[in-house]
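Here the structure is laid out as structure tokens; the discussion comes afterwards.
The values are calculated or read from the model by the stated rules, or taken from the named source; none is laboratory data. As the structure is a prediction and not an experimental result, all values here were calculated from the model. We place every Cβ from the backbone using ideal geometry, glycine too, and count neighbours over all the protein chains shown. Accessible surface is based on the protein model in full, side chains and every heavy atom, while ligands, DNA and RNA are left aside. Shrake-Rupley method; radii C 1.70, N 1.55, O 1.52, S 1.80 Å.
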Amino acid sequence: MDRSSEDTGHPRLVLAKLARPVLPDDCRPRPRLAALFGRILHQKLLCVVAPAGYGKTCAALQYARYLEGERPGSVAWLSVDAQDNDPLRFWMHVHAALGLPSSLLDEADPCGEDALVAAGNALFEKLGADDERFLFVDGFDLADNAEVELSFLRFCSYAPGTFHVVVTANAFSRRLGAEACLLGQEFVGADELALSLDEARELLEGMLGGELDEGRA
């Protein structure tokens, strides 16, 4: 699926966008968040929405690493950038992340109903009856295009019940939020991403190398 700008008029596939970023060495486990992310096992879509700096990507990476440990080969990752507001570029990368045939995009409207149904059917054929697959789409709001938003949700609805999507974004459009409700989405928001008192204490104790003095805390 190596398309050049010369033969399509669109940017070449960027493989780095399909690789999970490396977690910082000092990123501490957060079991409470892992439990919240675990909701995705019973849903098609989990939306992680909070302003920049709340640790959305780190939380998603931690859960992706957990899933990969439990179900090797089940996790796909896509980091979205502003150029993904081009539907063909966006769908090129989704297909590559999921290992779907590039031919599904040849001479087709990537946001068209036929292309989306074909992609959903290809995913059905790719997965076994008990195979679960997880796609993490980081920074989805950067693909600021109504066609991209709605076509991606339609694709999710056509995919197998064992296909789960975790989407991170600084904010969701009202349109996207309303459409996502049809997929029975769960939300993890800023309040849930923020450190609890226990987590903050554990973090400080780790930095200080000892327990905090209750009288001075």
Exercise. Among the residues of the stretch 14-30, which ones are open to solvent by less than 100 Å² (accessible area, probe 1.4 Å) and not in a loop (DSSP other than H, G, I, E, B)?
Worked result: ALA16, LYS17, LEU18
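Those residues that are closer than 24 Å to VAL22 by Cβ and touching a Ser or Thr at 6+ places or on another chain (Cβ under 8 Å), I need them from the stretch 93-123; list them, please. Give the derivation first.
First, the residues of the stretch 93-123 that are closer than 24 Å to VAL22 by Cβ: 93-94, 96-99.
The one that is closer than 24 Å to VAL22 by Cβ and touching a Ser or Thr at 6+ places or on another chain (Cβ under 8 Å): ALA96.
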Seminar exercise, completed: Here the residues within the stretch 24-42 that are within 14 Å of VAL167 (Cα to Cα) and small (Gly, Ala, Ser) are GLY38
Exercise. Does the stretch 42-56 contain at least one residue that is assigned to a helix (DSSP H, G or I) and at pLDDT below 85?
Worked result: yes
Exercise. Can you tell me which residues in the stretch 43-79 are small (Gly, Ala, Ser), more than 16 Å from THR162 (Cα to Cα) and free of Cβ contacts under 8 Å to residues at least 40 places away in the same chain?
Worked result: GLY53, GLY69
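Could you grab me the full set of residues in the stretch 92-114 that are without any contact (Cβ under 8 Å) to a residue 40 or more places away in the chain, of a type outside the set (A, V, I, L, M, F, W, C) and closer than 18 Å to LEU150 by Cβ? Steps first, answer last, please.
Of the stretch 92-114, the ones without any contact (Cβ under 8 Å) to a residue 40 or more places away in the chain are 98-101, 103-109, 112, 114.
Subset that is of a type outside the set (A, V, I, L, M, F, W, C): 99, 101, 103, 106-107, 109, 112, 114.
Selection gives ASP109, GLY112, ASP114.
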Exercise. Pairs under 7 Å by beta carbon, first residue β-branched (Val, Ile, Thr) in the stretch 135-164, partner at pLDDT below 90 and open to solvent by 10 Å² or more (accessible area, probe 1.4 Å), six or more apart or different chains?
Worked result: THR162/LEU127; THR162/ASP131
For this session: Return only the number of the condition from (1) more than 11 Å from the chain's Cα centre (by Cα); (2) farther than 19 Å from ARG133 by Cα that LYS56 does not satisfy.
Result: (1)
Problem set entry | Candidate set from the stretch 1-29 (those that are of a type in the set (Lys, Arg) and at pLDDT below 75); member that is nearest to GLU107 (Cα to Cα) | ARG3
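Considering LEU153, LEU116, LEU67, which residue is touching an Asp or Glu at 6+ places or on another chain (Cβ under 9 Å) and more than 23 Å from ALA35 (Cα to Cα)? Quick ask: steps written out before the conclusion?
Values: LEU116 fails: touching an Asp or Glu at 6+ places or on another chain (Cβ under 9 Å); LEU67 fails: more than 23 Å from ALA35 (Cα to Cα).
Testing whether each residue is touching an Asp or Glu at 6+ places or on another chain (Cβ under 9 Å) and more than 23 Å from ALA35 (Cα to Cα) leaves just LEU153.
Under the condition of being outside any helix (DSSP H, G or I) and either of a type in the set (Asp, Glu) or open to solvent by less than 20 Å² (accessible area, probe 1.4 Å) (or both), which residue from the stretch 83-109 is nearest to ARG12 (Cα to Cα)?
Within the stretch 83-109, the first condition is being outside any helix (DSSP H, G or I), and the residues that meet it are 86, 99-101, 106-109.
From what is left, the residues that are either of a type in the set (Asp, Glu) or open to solvent by less than 20 Å² (accessible area, probe 1.4 Å) (or both) are 86, 100, 106-107, 109.
On the way: ASP86: 13, LEU100: 17, ASP106: 15, GLU107: 17, ASP109: 18 Å.
Among those that are outside any helix (DSSP H, G or I) and either of a type in the set (Asp, Glu) or open to solvent by less than 20 Å² (accessible area, probe 1.4 Å) (or both), it is ASP86.
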Exercise. Residues of the stretch 64-82 being touching a Lys or Arg at 6+ places or on another chain (Cβ under 9 Å) and either among the aliphatic types (A, V, I, L, M) or in a helix (DSSP H, G or I) (or both), which ones?
Worked result: ALA64, ARG65, GLU68, VAL75, ALA76, LEU78, VAL80
